[in-house]
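Below is one structure, written out as structure tokens; the observations come after it.
The values are calculated or read from the model by the stated rules, or taken from the named source; none is laboratory data. On a predicted model such as this, the values are computed, not experimentally measured, just so you know. Note: ideal-geometry Cβ built from the backbone for every residue, glycine included; neighbour counts use all protein chains shown. With ligands, DNA and RNA removed, areas are computed over all heavy atoms of the protein, side chains included. Shrake-Rupley method; radii C 1.70, N 1.55, O 1.52, S 1.80 Å.
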Amino acid sequence: MRICYFGTYERDYPRNALMIEAMRRSGLIVYECHASIWQGKRDKSGVYRGLAAVTMALRVVLAYVGLLLRYWRMPAHDVLMVGYIGQLDMLLAWGLSRLRAVPLVFNPMLSLYDTFCDDRNLVVPRSMTGRLFWWLDALACHAADHSILDTPENVEYFCQTFKLPPERLSVVPVGTDDRLFRPVEEPVHHAQQPFDVVFVGKLIPLQGSETILHAAALLRDAPVHLTVIGSGQQHDLVHRLAQELALTNVTLIDWIEYERLPWRYAQATLCLGIFGDSAKADRVIPNKVFQALAVGRPVITADTAAIRSAFAVGREIWVSQPGDAADLAQQIRYLIDHPDVREGLAQQGYQAFWQRYRLDCQADAIRRSLAQVLPGLLPQATMRWGTQPEFFGPRHRFREEYLFRAVQQHVSGLRVLDAACGGGSLARRLAASGWDVTALDLSAEFISYLAGQPDAARLQLMRGDITRLPYADGQFNVVIAGEVLEHLSDDRTALREIWRVLAPGGIAVISVPADPQQWDWIDDWAGHVRRYRLPELRQRLQAEHLVPLQLHHFGFPTVRLFHRYIYQPHVRQAWLAESPASALAVQGWRKQLASHVLYWLFQTDHLFNRLPWGMGLIAVAQKPRPLQHSKPEMAEQA
């Protein structure tokens, strides 16, 4: 599966970097289509006002021009995903996803409306700007086929606030990069040194910076030194408050490099989470919590719904009341006085991180999320041949017509083996036309289905494997292998078996999907192992002593357009529906009429079979007859 990660997202922001790395770790191919407008802007709260807003608008326009140019050069992909911050990007991405006929996934992480109006109080909710933020969030999420958030509580908020159906949202926790954040032994604490308590984060209301500083004031008499690392909206307020409270037990540092954070956490006796009392603070778990746990440090944070749904409070993490400096100070005193509790928190907290929130766990969560828009990402979401319906639409009929005509044109005998016959539409058609047809398939369900058809008496049915055909040498005049070789890890053995059961001069009629560059999620869903290049298929036939009589592409251009804009969306929607069988069936006069019209449109593709851009390959190959050596000297004697 191939993902195009798209937009003006912050490439270095942990949510984006971790999502991309986790997708790659899970085996997905990720292409980045990126234009930078946020790099180096840790505090973005001022870019939506005055001259800064005008400058930002110009940067966005230029960035989108660049994105359009880059996107048209991007390789084929199965999903278009927009990263954080991407509400504006979604408006462009929606149009591009429709042009490419791929599902659109949004990774917002947060709501602009919630952040600026309710959490940071920078914008009045009912003001024009506030309404604009609400509409941006709502349009972005409704434009997406699926959105990925960080906690179940945020999913509930988005559903209620923006009227989204829950099935279009899923959770991938924030987590952290366990390649960088690893356990380190706790430094030895000397009696003369204060205990090192560390807070890292953007100084915004959600973090509860004021609560932290007031708690530090209450801890003046305790052997505790607090280091606050960060900057942001409340930078000046925090520095001013530290001066007013005369906090000699607090060190303020504007920022340190991201790569040094694990080392800084490792020096700490205790790490702080967030302590804001806003509604948003109740729904989120910030990076710092996962980072500290990954390093093996005990963490104390506000007692919130999100924390309680993610961790065992008192065993994996410690809590205090949100916005309550006195309770925070009291809990810090308790943890400083009880090293055994701290040690247990550190050990259990790390185990919780490793078992549920490391990169591999995020990779699994992402695959589950993307499986909501793409069949085939999970083992249980792949097509099980014989237990689920084949899509007998115009493309199936068009390809089958090639195979039927090949049998008519090249075969003189009557004995036909349809190996891996599937639902048996071609086998039944051949039998109705007078051929002696044996229909074989590995699926017991397909064989049972064919046995129940009114014309079953015309067929000889057999359950079997094309790589171990249960027939004598030279038994058939023609063997058909339609859309089967691409499913086999060992296609050479299948070709060898086809050669064995063919009579001398017999014909193999084969169709396979063409061109590895055309690989898409349908191949994964259908269980394909490969797509074939024309020279490669010719070589494989010749290697098994089958002489190609006819070998060409088919299915360009109308079948390819049908595949992208009709077949893929239809199969995806049908699979995700509650009753895929009825959704895939070509029933009702409208569907049947459309199917007939498309089938006749596909006939124009015959004009382009010599071009190398078709969706499939048709091969007709012959098993040579034994050479007949004449003996002229014997004839003369006679």
Single residue of Pro379, Pro389, Pro339, Pro322 found to be open to solvent by 10 Å² or more (accessible area, probe 1.4 Å), modelled with pLDDT of 95 or more and either over 30 Å from Leu551 (Cβ atoms) or touching a Lys or Arg at 6+ places or on another chain (Cβ under 7 Å) (or both): Pro322
Residues of the stretch 510-548 that turn out to be touching a residue at least 12 places away in the same chain (Cβ under 8 Å), assigned to a helix (DSSP H, G or I) and over 17 Å from Pro375 (Cβ atoms), as a count: 9
Answer residue from the stretch 491-505, given it is within 30 Å of Asp520 (Cβ to Cβ) and either without any contact (Cβ under 8 Å) to a residue 40 or more places away in the chain or of a type in the set (A, V, I, L, M) (or both) and is surrounded by the fewest Cβ atoms within 10 Å (Cβ to Cβ) among those: Thr493
Answer from Arg564, Arg531, Arg560 - the residue that is under 24 Å from Pro103 (Cα atoms), touching a helix residue (DSSP H, G or I) at 6+ places or on another chain (Cβ under 6 Å) and modelled with pLDDT of 90 or more: Arg531
Trp521 vs. criteria over 30 Å from Leu561 (Cβ atoms), at pLDDT below 95, hydrophobic (A, V, I, L, M, F, W, C) and buried (at least 20 other Cβ atoms within 10 Å of the Cβ): no
Within the stretch 92-197, strands (runs of 3 or more DSSP E) holding 3 or more residues that are surrounded by 21 or more Cβ atoms within 10 Å (Cβ to Cβ), under 17 Å from the mean Cα position of the chain (by Cα) and not acidic (Asp, Glu): 104-106, 146-149
Filtered residue count, the stretch 7-39, keeping only those that are part of a helix (DSSP H, G or I), over 12 Å from the mean Cα position of the chain (by Cα) and hydrophobic (A, V, I, L, M, F, W, C): 2
In the stretch 266-300, the residues that are touching a Phe, Trp or Tyr at 6+ places or on another chain (Cβ under 7 Å) and polar (S, T, N, Q): Thr269, Gln291
All positions within the stretch 46-62 that are part of a loop (DSSP other than H, G, I, E, B) and either open to solvent by 20 Å² or more (accessible area, probe 1.4 Å) or at pLDDT 65 or above (or both): Gly46, Tyr48, Arg49
Yes/no for Val65 being farther than 30 Å from Ser231 by Cα, buried (at least 20 other Cβ atoms within 10 Å of the Cβ) and at pLDDT 90 or above: no
Those residues of the stretch 295-339 which are hydroxyl-bearing (Ser, Thr, Tyr) and assigned to a loop (DSSP other than H, G, I, E, B), in sequence order: Thr304
Residue in the stretch 199-222 that is at pLDDT 90 or above, in contact with a Cys (Cβ under 9 Å, 6 or more places away or on another chain) and aliphatic (A, V, I, L, M) present: yes
Yes/no for Pro513 being surrounded by 15 or more Cβ atoms within 10 Å (Cβ to Cβ) and either farther than 18 Å from Gly482 by Cβ or not aliphatic (A, V, I, L, M) (or both): yes
Residues of the stretch 593-624 satisfying the condition of being more than 34 Å from the chain's Cα centre (by Cα), at pLDDT 90 or above and open to solvent by 70 Å² or more (accessible area, probe 1.4 Å): Trp600, Leu607, Phe608, Arg610
Some residue of the stretch 69-82 being modelled with pLDDT of 85 or more and small (Gly, Ala, Ser): yes
